[in-house]
Each structure stands twice: as C-alpha cells, then as structure tokens.
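Taken together, the values in this text are just the output of simple stated rules run on the coordinates, not laboratory data. No experiment lies behind these values; they were computed from the predicted model shown.
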Amino acid sequence: MADCSNTKRYSRLELNEVYFWTDTIKDWKHLLKQDKYKVIILQTWRELVKRELIKVYAFVIMPNHLHVVWEMIELNGKEMPYASFNKATSHEIIKDLKANHPKVLSAFKVEDKERSFRVWQRDPMGILMDGVNKVEQKIDYIHLNPLQERWSIVKYPEDYHWSSSAFYEKGGSTFDFFTHYKDRF
C-alpha cells in the first residue's frame, strides 16, 4: 500500500479529479450518532450522483466525521458539488435540530456574516488520489475506520451499515449511488 503521509492537502477540489475527503462536525461533536443525520448525508450524495455532479467511490460515516473518495464532475450552478453537499446537509440537520433538539442546536451557533449556525468545521481536508495505490490505501482506511480502537463499532468492516465496505466485500449494497473505483482507475 502507498504511503500518503507526504501527500498534498487541498482545500478546494477540482473538477474531474478524485479526492479522499474528510468532513468533520463542528468541534468534533458526535452529532452523526443519530441515523437520521446519516440518512440526510446519503440522500444528498444520491441526489448529487443522480444529477451527474459527483461520483462516489467509497465512504464511511462516523459519529463525528465522514470520509469519502469522490469526484466532482460538474458545477452545481456556480458552486462546486462539495459546497452544495455541505450546504444541503447543514440546512437539513439544522432544520431538524430546531424542530426536535433546540438545546443541541445552541452548540452549533456561530457569529459568522454568512450564517448563524455551522454544522461542518471549516476547511474540510481533501487529498488528491492520483493513482490506484492511493485510492486502495484510502478505501482500506475508510472501511477500517469503524474498527479502530477508539470506535470499536463492529467486528468486521462489512458489518458497518454506514459504509461502502459491504459493496466491495460482498458485491452488493443497500446504497445505489456507487461507482466502483476500478471503473475509474
């Protein structure tokens, strides 16, 4: 497996390039423990794939962050699809917090000119995947994330529902928006 430790990080993704991307909940709060917020993330990816704005090659949704290997295909109006993803998921999560968890909502209050609440931390991390070895290394990392000692969510990667592991390990998935990475590399 390739060592990606000296890999350049990108804060802006380019069209038609594949990236390993990490997005973290503000202040590392465990907001994504609730399945309904994971569903919002999946629905947003599904919609962006359906509109042919992105391709998703692998993902995992953890309690306070997510990792995805994906490609931006086309702008969503004037914005990059990753910005559309953050905006759409934030909007839906904040709407739910306002309606069902107003005390939790205060943890996401910010004093920004452009918004009152922030779900995702600023500057998600993107690493360009410029070869199959890097892609495979990051997909392995993604799928093993739920097994890390600090999480210990499942015993086997393919048993974690909120991941693409079963897609690669068993050949099937309940998620219908994937592209196999070998179709790209």
Once phi is turned into ³J(HN,Hα) by the Karplus curve 6.51 cos²θ - 1.76 cosθ + 1.60 with θ = phi - 60°, what whole-Hz value does each residue of segment 53-62 show in order, with x for glycine and proline?
-> 9, 9, 10, 10, 9, 6, 7, 8, 10, 9
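Report, in cubic angstrom per residue, the convex hull volume of the C-alpha atoms of the chain.
Details: hull volume 23.9 nm³, N = 185.
Convex hull volume per residue, Cα atoms: 129 Å³.
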For Trp120, residues with placed amide H under 5 Å, excluding near neighbours | Lys26
Pairs of Cα atoms under 8 Å, at least six residues apart: use those to get the relative contact order of the chain, whole percent.
-> 31
Long-range amide H partners of Met125 with built H, under 5 Å = Thr22
Post the alpha-carbon centroid distance, segment 120-174 to segment 75-106, in whole angstrom.
-> 23
Looking only at Val56, Val110, Val68, which one moves most when the chain is put into a Gaussian network model with springs between Cα atoms under 10 Å?
-> Val110
